[in-house]
């Protein structure tokens, strides 16, 4: 059941029971995804992640990574928070905590944005879409209840938040994702990157966006939880599709240069530090009317002290999160926030925060991990080109 989260009247789009924002699940008892039994039947190895039991892999992380890059990987991302904001002025209200142009968002259009603290730190990164029935926002699973509490504190009573926990969320990613999904859902190929629409599949309503977290073309599909297993089976019956777990998803997003909240982004980090300035719309920058605007605009003008960069690491050994970036005197001046051996490149890569003077592509830096030093070179991201299907381009 969807739960209405509000500070005011329930008639503003509320669907389900009132939710005060305090009823967070017991963190010691991971929740089960709607597809939990399905994953286990597929041979998934399950691990605790973001408060849920999640599949980390089925056939192996490397095999699943390569399959997604060449075909279509099916990911269960139902742990993410699906929120629907309704009520008069919901789009304007959201601009109090998001730095993007929400009021100017066209029908069925999506935008990446950031939930910002009053000091300009990143509380979460999220996707915002205008639907006929409200503003649809997908937030990270590990932060969704904190996000809801923050929205409750900052939005007026006239705006209601519906936590759509009766909806599952699947991601179908890869160059052949459109072939597989179009057989089941005619018309879906007409979507382009960062657009979405409502579809019907055998009488089941689907909300589908052409988006994802791998750098590949693909789709995210919101489906009623009681129908998700039927849809997963139908997708798996397509020759292009195999299930893919969290392990490969992390490699894919890192190769694509996409930050992961709680690792590459946190409340101490500003959008300028994170190299996410594109999420600050021109209108909002000129108005300087978003949370943390004074700090963020000053950093845009003068530069942040540190900046998120991509690193190509020499050798074969990956450098992991937590490794230090050190100067010539072996003093720590930065840190690695994500790192892996990139199958698509055949070498280790990483993301790190380094002093702005070291953030110039081509700069050689030294990383310290477990008593060993590694050389790396600052490089532009993404590490491999994105393959999104954009408006005006080939489909």
* Would you point out which residue out of 13, 43 is part of a loop (DSSP other than H, G, I, E, B), modelled with pLDDT of 95 or more and either crowded, with 19+ Cβ neighbours inside 10 Å or assigned by TED's automatic domain parsing to the domain that holds residue 114 (or both)? => 43
* Asked: Counting just the residues of the range 218-250 that are over 24 Å from residue 165 (Cα atoms) and buried (at least 23 other Cβ atoms within 10 Å of the Cβ), which one comes out farthest from the chain's Cα centre (by Cα)?
  -> 241
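May I ask you to verify whether residue 264 is within 21 Å of the chain's Cα centre (by Cα) and either closer than 19 Å to residue 321 by Cβ or modelled with pLDDT of 95 or more (or both)?
For residue 264, the condition - within 21 Å of the chain's Cα centre (by Cα) and either closer than 19 Å to residue 321 by Cβ or modelled with pLDDT of 95 or more (or both) - is met.
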* Identify, by number, the condition in (1) in a loop (DSSP other than H, G, I, E, B); (2) surrounded by fewer than 22 Cβ atoms within 10 Å (Cβ to Cβ); (3) free of Cβ contacts under 8 Å to residues at least 40 places away in the same chain that residue 263 doesn't meet. => (3)
* To do: Among the residues of the range 98-131, write down those that are over 26 Å from residue 273 (Cβ atoms), touching a strand residue (DSSP E or B) at 6+ places or on another chain (Cβ under 8 Å) and part of a loop (DSSP other than H, G, I, E, B).
  => 106, 107, 108
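Would you mind stating whether residue 208 is closer than 30 Å to residue 291 by Cα, in contact with a helix residue (DSSP H, G or I) (Cβ under 7 Å, 6 or more places away or on another chain) and either in the same structural domain as residue 30 (by TED's automatic domain parsing) or at pLDDT below 95 (or both)? Walk me through how you get there before you give the answer.
Working: closer than 30 Å to residue 291 by Cα: no; in contact with a helix residue (DSSP H, G or I) (Cβ under 7 Å, 6 or more places away or on another chain): yes; either in the same structural domain as residue 30 (by TED's automatic domain parsing) or at pLDDT below 95 (or both): yes.
Criteria not met by residue 208.
Select, from 360, 319, 325, the only residue that is surrounded by 15 or more Cβ atoms within 10 Å (Cβ to Cβ) and assigned to a loop (DSSP other than H, G, I, E, B). Please lay out each step first, then the result.
Working: 360 fails: surrounded by 15 or more Cβ atoms within 10 Å (Cβ to Cβ); 325 fails: assigned to a loop (DSSP other than H, G, I, E, B).
Of 360, 319, 325, the one residue that is surrounded by 15 or more Cβ atoms within 10 Å (Cβ to Cβ) and assigned to a loop (DSSP other than H, G, I, E, B) is 319.
Filter the range 146-160 down to the residues that are over 22 Å from residue 289 (Cβ atoms) and either crowded, with 20+ Cβ neighbours inside 10 Å or without any contact (Cβ under 8 Å) to a residue 12 or more places away in the chain (or both) and list them by number. Explain how you work it out, then say what you get.
First, the residues of the range 146-160 that are over 22 Å from residue 289 (Cβ atoms): 146, 148-149, 160.
Listed by number, the residues that qualify are 148, 160.
The values are calculated or read from the model by the stated rules, or taken from the named source; none is laboratory data. What you see is a predicted model; the values in this text were computed from it and never measured. Because the Cβ atoms are built from the backbone with ideal geometry, glycine has one as well, and the counts that use them run over all protein chains shown.
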